[in-house]
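The values are calculated or read from the model by the stated rules, or taken from the named source; none is laboratory data. Computed from a predicted structure; not experimentally measured. We place every Cβ from the backbone using ideal geometry, glycine too, and count neighbours over all the protein chains shown. Surface accessibility is based on the protein's heavy atoms, side chains included, excluding ligands, DNA and RNA. Shrake-Rupley method; radii C 1.70, N 1.55, O 1.52, S 1.80 Å.
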Amino acid sequence: FLCCKYQSKNCAWLFFYEQQNGLADSHILDVPHPLVWIVQKAEPVLIEAIIRAYITGSMWRSYAKGERVFCGIQLGNDLKKGTKLPELLLTPSTKGVIKGVPGVPEVDDVNVSRETIIENYKSFNFKSPEDISIYEKLLKEGFSLISSSLSQIGKIFVDTKFEFGYVKDNEGNEKLIYMDEVGTPDSSRIWEKKEYLEEGKVMERSKEYFRQMLLEHFKDEGDVLVNKDRMDERNVLAQENELPVDIFMKLSQVYQNLAYEITGEKITLSDNPRKEIIEILKSQYDLIV
């Protein structure tokens, strides 16, 4: 299951990274195996760069409870669940615990406004205030590029999370790059376009599909599964319960199908990926003695 899931995810990931080459560099140096990436170490910006085209998920749950300001952005009162937002919305959150920033609780994954980031740019590991505008530009351009690509295969790019970091170029100058995963079903919400446009029906094609299966399986534990303030209870739920194998296999098939639609290539699984990976890292990179 894990090999299939991650190989499928990596195929989509690499496909979109290659498309974004004209926007900014990434941390990827080489891909010698479907389950192996050789990357350069980057100094991360401490922001989960979330961008949304539709109101759903945690944003909708907060909106339904009466919240109207998200990361300093005011929303109107007429939005409905699953509808398209008037414009792309940037709703960044903290990556890890940020200390000493006024108004930002010292816990992981807290929403922050653009103003807070600008006023405390060093705390978020930006090298300059100007880099905030660059990251926002790359975030919007990256989202639009992937959204256009997914639309061509009948998918809606609902929302996603990017991450950014700094590396040094050949002259020793620091530059802002894409890092971690982009446009994958683990970091994004992806819907089927036909069902949404013709029937108003949401058909998930990302990790949200797994979340919905969990909500169906644990019918009495819905809030535990969606409320990030109840992570301790969620961990206990995971430790004390074994999921049916068919749930994992269904998720694996969703990822395989999506990777095939995106890349046009079917996933071929190795009989012994561990052996292949060890040999590659040993013979090509001297990483294993």
### Estimated FRET transfer efficiency (Lys266, Val31; beta-carbon r; R0 25 Å; 0.05)
0.90
### Query
Quick one: ranking Asp271, Asp108, Asp180 by accessible area, 1.4 Å probe, largest first, what do you get?
Asp271, Asp108, Asp180
### Query
So what's the back-of-envelope 222 nm ellipticity for the chain, counting only DSSP H runs of four-plus at -39500 (n - 2.57) apiece and dividing by all residues, rounded to 500?
-12500 deg cm²/dmol
### Query
Counting Lys and Arg as +1 and Asp and Glu as -1, what is the net charge of the other residues whose Cβ lies under 9 Å from the Cβ of Lys201?
-4
### Task
Report the relative contact order of segment 127-206, percent, no decimals, based on alpha-carbon pairs under 8 angstrom and at least 6 residues apart.
25 percent
#### Entry: Gyration tensor (Cα) of the chain, equivalent ellipsoid semi-axes in angstrom
29, 27, 20
### Query
Rounded to the nearest 5, what % of the DSSP beta bridges within the chain are antiparallel ones?
95 percent
### Query
Can you pull the percent of segment 36-157's accessible area that's carbon plus sulfur, 1.4 Å probe, other chains left in place?
50 percent
## Note on the structure
Looks like segment 21-172, by Cα gyration tensor root eigenvalues a ≥ b ≥ c and the a/c under 1.5 rounded cutoff (else prolate when a/b is bigger than b/c, oblate otherwise), is oblate
### Query
How would Asp220, Asp109, Asp246 line up by accessible area, probe 1.4 Å, largest first?
Asp220, Asp246, Asp109
### Task
Mind checking which aspartates and glutamates have their Cα closer than 13 Å to the Cα of Lys250? Skip sequence neighbours fewer than 8 apart in that chain.
Glu204, Glu208
### Task
Past 28 Å, Cα to Cα, is the threshold; run Lys80/Lys122; Lys137/Lys207; Lys84/Lys122 against it and keep the listed order.
Lys80/Lys122; Lys84/Lys122
### Using alpha carbons only: equivalent-ellipsoid semi-axes of segment 235-286, gyration tensor based, whole Å
29, 21, 10
